[in-house]
1. Looking for something closer than 30 Å to residue A:153 by Cα, surrounded by fewer than 17 Cβ atoms within 10 Å (Cβ to Cβ) and not assigned by TED's automatic domain parsing to the domain that holds residue A:66 - is there at least one such residue anywhere in the range A:277-294?
2. Among the numbered conditions (1) closer than 17 Å to residue A:114 by Cβ; (2) surrounded by fewer than 14 Cβ atoms within 10 Å (Cβ to Cβ); (3) in contact with a helix residue (DSSP H, G or I) (Cβ under 6 Å, 6 or more places away or on another chain), tell me where residue B:44 comes up short.
3. So, restricting to helices (runs of 4 or more DSSP H) that lie completely within the range A:77-150, which ones have at least 1 residues that are more than 30 Å from residue B:256 (Cα to Cα)?
4. For the range B:99-109, give me each residue that is within 7 Å of chain A (Cβ to nearest Cβ) and assigned to a helix (DSSP H, G or I).
5. Within the range A:147-170, which residues are touching a residue at least 40 places away in the same chain (Cβ under 8 Å) and surrounded by fewer than 16 Cβ atoms within 10 Å (Cβ to Cβ)?
6. Would you confirm whether any residue within the range B:51-59 is surrounded by fewer than 17 Cβ atoms within 10 Å (Cβ to Cβ) and assigned to a helix (DSSP H, G or I)?
7. With respect to residue A:197, determine if the residue is within 9 Å of chain B (Cβ to nearest Cβ), modelled with pLDDT under 95 and over 17 Å from residue A:94 (Cα atoms).
8. Filter the helices (runs of 4 or more DSSP H) completely within the range A:207-310 down to those with at least 2 residues that are under 19 Å from residue A:94 (Cβ atoms) and without any contact (Cβ under 8 Å) to a residue 40 or more places away in the chain.
């Protein structure tokens, strides 16, 4: 496979503009346009129908009282006003924030820790890597089935070993931390892979030079590894934040948002209003807010991470 | 690097192995439970290895639930979606990378905008549109909305950008058509990333819960991730059977990962924004 290098990419761009931009004749130009249209048409068509149109439509629906299926009447900002006074909206916003707090940074740190643990191994390496990564290959409902069994209040292995009958998913204080922990168990392998790639990209000479100079383990980590790994750390944090703000599956499967709405999250609130209460317009307004929350959080995080680079 | 034979080195290795065992334990426990008699799942203290060993739970799950049907639905949906994603994204990426045409920048920005908008925010209009089409509980409904995987276009564009243009130019001089150039030069040179993307896409679609959960309401159209949540309700608290089903549901992708480990890793790196 051709390895992309900076030189040939630059060259490619130069030749691109020389050879392709001014085609010899009008006919060749039209032929190229035709080819291009045919090549982009299939994807673009699907993209317009299943992405661009729904994007515009969700904005429009958020100003109507539409049911799940069909049009509604224009109601102005009524959905948004109602949202501000909706107890469940604030609850779901708060719970989503709590979930993000419980997952994003711990998941990143665990990923880094596992990566550091894996890269120093030799013979055991592929086994340990597989152990940390395999949960990531399971679908969410398999993950939740397994953990429902492990944490079963009657015969779950943890309760048997501890001699307790603790029903974690029906406890308002512990349900969300449990969902967060299971999420970390499930997804940390992905972060670990990214960190491993980042660690392998750090030139060995730096470590050799540092150990010749007699640097301690801590000095090496905070002087070389951590700063050079920062772009990866920033990437992982960003991917994590966006992914966890969209939490729904695990919460739905483990707690259905309960007990007493203590785990209801934003996307579930959208689902509930749209698919259970058939309020499409209202659910669209919540979707817009969810989108804005993700947008603002990403931008804020981007600024924080950029200044964190130093 | 520190000497791995030193005392802290050995302690680190021991801790690593301990954590790996802790991490894999839930999967071990699911497999062990699935191989027990139902009555042996509830012993106290717990039975760490299944005695007697039985496969009855597996035969029962395969016989009594709609698992075969869901396997088929998952397989069909994932194969067709993956095929469409790869072909359509490669074609589109090729056009953006190698051809100049009016509206190209607009298209590119429109695609990049797709990264900013989470698909989950679009479920209301998307579902209502598919309901209008009559596509709820249909393969079209399962497949087509999942084909919109813009990241693959960006990746293909980057890789096509770095194919030496001499190859293309000499083919143009020889009178090759655009499609021919795509088929005979650009795709063969990028088969490595194509396999990596295809495997990762397949796994992603196979494991996807949210969209099939919304668009399928009848059990016969469900995919594995959604279908198995229905059975638990009817099984009640029969954990050996439930775990047998969980193992069967997880098996294809886990096996696929163990076979294609390198490709999976490569594909994950690329789709996360790190070039392979």
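The values are calculated or read from the model by the stated rules, or taken from the named source; none is laboratory data. Worth saying up front: this structure is predicted, and the values here are computed from it rather than measured. Neighbour counts run over all protein chains shown; Cβ positions are idealised from the backbone, glycine included.
1. No, there is no match, as no residue in the range A:277-294 is closer than 30 Å to residue A:153 by Cα, surrounded by fewer than 17 Cβ atoms within 10 Å (Cβ to Cβ) and not assigned by TED's automatic domain parsing to the domain that holds residue A:66.
2. (1)
3. So the answer is A:78-84, A:87-119.
4. Within the range B:99-109, B:107 is the sole residue that qualifies.
5. A:170
6. yes
7. Criteria met by residue A:197.
8. A:266-271, A:280-308
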